[in-house]
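*Asks:* Structure in structure tokens, see below.
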Amino acid sequence: MSDRPSRHRSATGVVSPARPSTIAFAAAVRPRGRGSLALAACAVSAVLALVSACGGGGGASGTALTSTDSTTSSASAWSEGTVSGFGSVIVNGVRYDDSTATVVDDDGLTTKVTLGARVEVTSSSVTTASDDSSTAVAGSITVRSQLTGPVASVDTASFVALGQTVDVTEATVFDSTLASGLSSLVAGSTVVRVHGLVDSVTGHLLATRVESVTAATAYALRGTVSALDTTATTFNLGGAAIVYGSASNIPTALADGQSVRVVLSTTPDSAGRWVATAFGKAARSTTAATDARVRGTVTTYTSATSFAVNGITVDASAVTSLPSTLAVGVEVEVQGTLANGVLVASAVTLKSEARGSGSQAKERYELHGTISALDVTAQTFVVRGVTVGYGSVTSWLPSGASAASLVDGVKVTVKGALGSDRSTLTATTVRIRS
């Protein structure tokens, strides 16, 4: 896990009036790739949004820092996907050095990167070594969640929060405060933040990470507008009814089918509708990149050469070999170039990561780092903030290595899958590094 401290934010990313340094941070933050002329404009927009949405003190009103709906930047490479490991940050099979990267959340506030989180990364060109390992230097990382809100009900493999059904799979990471995974959620009292992908077939969210939120002063929800009534100032996001008449930053052309992110009051109105206090940033940046990589689900499908992944328009007309099973809801990775919001694909590959299956399921997550908190009785240690269980290792490397090789301070590479608690990594391969 990134060693970067989390600061300038509460559990929901709400700006505190007792922290004036947040404004200074917003003025200096680099939300997209380094060297872009858009950086100053983006920082200014964040400050303006703070003033308009929060009245200069968002903690009092429960309104999160918001930003404009899109920014334009450029980078050698751009990637959107799920964090599958650390050493530094691993996304879509690429190890990104994040030591100098700006790391912010949906609201432009400094945060940290966690296992299973959905992120956007702008970086230097990706370099592939002779062993097929790929690396790059991250310039910015934006952590994007789907919702923050209270759990309304819990089922055997799913739960409902803010009107959204959230499916939990073997790949779903729960933070350490939810030690029993799905069983830790209590309807009516647990507030969660969910990272994940939209399954456009079922309308559910496929959770990649679930974390608990304490003392929430605002909720948030990302989704597609439906049943818009501009007279009553209401619309639906999935199963959530929203009333938005008193919200700040209302889009000028709000319409059904539009992707939005709304910050919500923690108390619904007398009709049971969630009250939007602000519209935040829903769309990703209009990033131009010569190397773009996206993993997610097909959200719309016109043909095998024209579809969208995670809402990103894909032009696959130049791809010579396309999966025959492409359809709405199918998980894929698309590589190509990105310009003006269109990903011109050079390759399209089927994936099954969010659903917890696939040939690589037993070694889905990967950690590179130094062992600490070794517990030989429990057969666990910690790497990059992630607890690792080594009682089921099937491959010790190099030859001659074993559990006896483990001591605090030793450098290792660990590969494995989530344990039954959905927060501990059960290692299958441990390589001792010099």
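*Asks:* If you check every pair at least six apart or on different chains, which have Cβ atoms under 9 Å apart with a residue in the stretch 129-150 that is under 18 Å from GLY87 (Cα atoms) first and a residue that is of a type in the set (Phe, Trp, Tyr) second?
*Replies:* THR135/TYR96; ALA136/TYR96; VAL137/TYR96; ALA138/TYR96; ILE141/TYR96
*Asks:* Related question: Filter the stretch 197-243 down to residues that are within 21 Å of the chain's Cα centre (by Cα) and of a type in the set (Asp, Glu) and give me whichever is nearest to ALA278 (Cα to Cα).
*Replies:* GLU211
*Asks:* Here's another thing I want to ask about it. Restricting attention to the stretch 73-104, and to residues there that are crowded, with 22+ Cβ neighbours inside 10 Å and acidic (Asp, Glu), which single residue is farthest from LYS281 (Cα to Cα)?
*Replies:* Checked the stretch 73-104; the qualifying residue farthest from LYS281 (Cα to Cα) is ASP98.
*Asks:* Then there's this: Among the numbered criteria (1) surrounded by fewer than 18 Cβ atoms within 10 Å (Cβ to Cβ); (2) of a type in the set (Gly, Ala, Ser); (3) closer than 22 Å to ASP107 by Cβ, which one does ALA241 miss?
*Replies:* (3)
*Asks:* Answer yes or no: is there a residue in the stretch 123-131 that is surrounded by 19 or more Cβ atoms within 10 Å (Cβ to Cβ) and not hydroxyl-bearing (Ser, Thr, Tyr).
*Replies:* Looking through the stretch 123-131, at least one residue is surrounded by 19 or more Cβ atoms within 10 Å (Cβ to Cβ) and not hydroxyl-bearing (Ser, Thr, Tyr).
*Asks:* Just give me the residues in the stretch 132-149 being among the hydrophobic types (A, V, I, L, M, F, W, C) and within 18 Å of LEU206 (Cβ to Cβ), in sequence order.
*Replies:* Selection gives VAL143, LEU147.
*Asks:* Still on this structure, please answer the following. Answer with yes or no whether LEU182 is among the hydrophobic types (A, V, I, L, M, F, W, C), part of a loop (DSSP other than H, G, I, E, B) and over 21 Å from VAL298 (Cβ atoms).
*Replies:* So LEU182 fails the test.
*Asks:* Moving on. Of the residues SER246, SER189, SER226, only one is part of a strand (DSSP E or B) and farther than 30 Å from GLY416 by Cα; which?
*Replies:* Selected residue: SER226, the only one of SER246, SER189, SER226 that is part of a strand (DSSP E or B) and farther than 30 Å from GLY416 by Cα.
*Asks:* If you scan the stretch 358-412, which residues turn out to be touching a residue at least 40 places away in the same chain (Cβ under 8 Å) and among the small types (Gly, Ala, Ser)?
*Replies:* ALA361, GLY369, GLY385
*Asks:* Would you confirm whether or not the stretch 279-288 contains a residue that is more than 28 Å from ASN92 (Cα to Cα) and either touching a Leu at 6+ places or on another chain (Cβ under 8 Å) or not acidic (Asp, Glu) (or both)? I'd like the intermediate steps shown before the answer.
*Replies:* So the first thing to find is which residues in the stretch 279-288 are more than 28 Å from ASN92 (Cα to Cα), and the list is 279.
If we keep only those that are either touching a Leu at 6+ places or on another chain (Cβ under 8 Å) or not acidic (Asp, Glu) (or both) too, we end up with 279.
Taking every residue of the stretch 279-288 in turn, at least one turns out to be more than 28 Å from ASN92 (Cα to Cα) and either touching a Leu at 6+ places or on another chain (Cβ under 8 Å) or not acidic (Asp, Glu) (or both).
*Asks:* For GLY257, work out the one condition from (1) within 26 Å of the chain's Cα centre (by Cα); (2) of a type outside the set (Ser, Thr, Tyr); (3) surrounded by 15 or more Cβ atoms within 10 Å (Cβ to Cβ) it doesn't fulfil.
*Replies:* Single failed check for GLY257: (3).
*Asks:* Given the options ALA253, ALA220, name the one that is at negative phi, out of contact with any helix residue (DSSP H, G or I) (no Cβ under 8 Å at 6 or more places or on another chain), at pLDDT below 95 and not polar (S, T, N, Q).
*Replies:* Only one candidate passes the filter, namely ALA253.
*Asks:* Next question. For residues that are part of a strand (DSSP E or B) and surrounded by fewer than 19 Cβ atoms within 10 Å (Cβ to Cβ), tally how many sit in the stretch 161-179.
*Replies:* Count: 1.
The values are calculated or read from the model by the stated rules, or taken from the named source; none is laboratory data. Every value quoted in this text rests on a predicted model; they were computed, and no experiment measured them. All Cβ positions, even for glycine, are placed from backbone atoms using ideal geometry, and neighbour counts span all protein chains on display.
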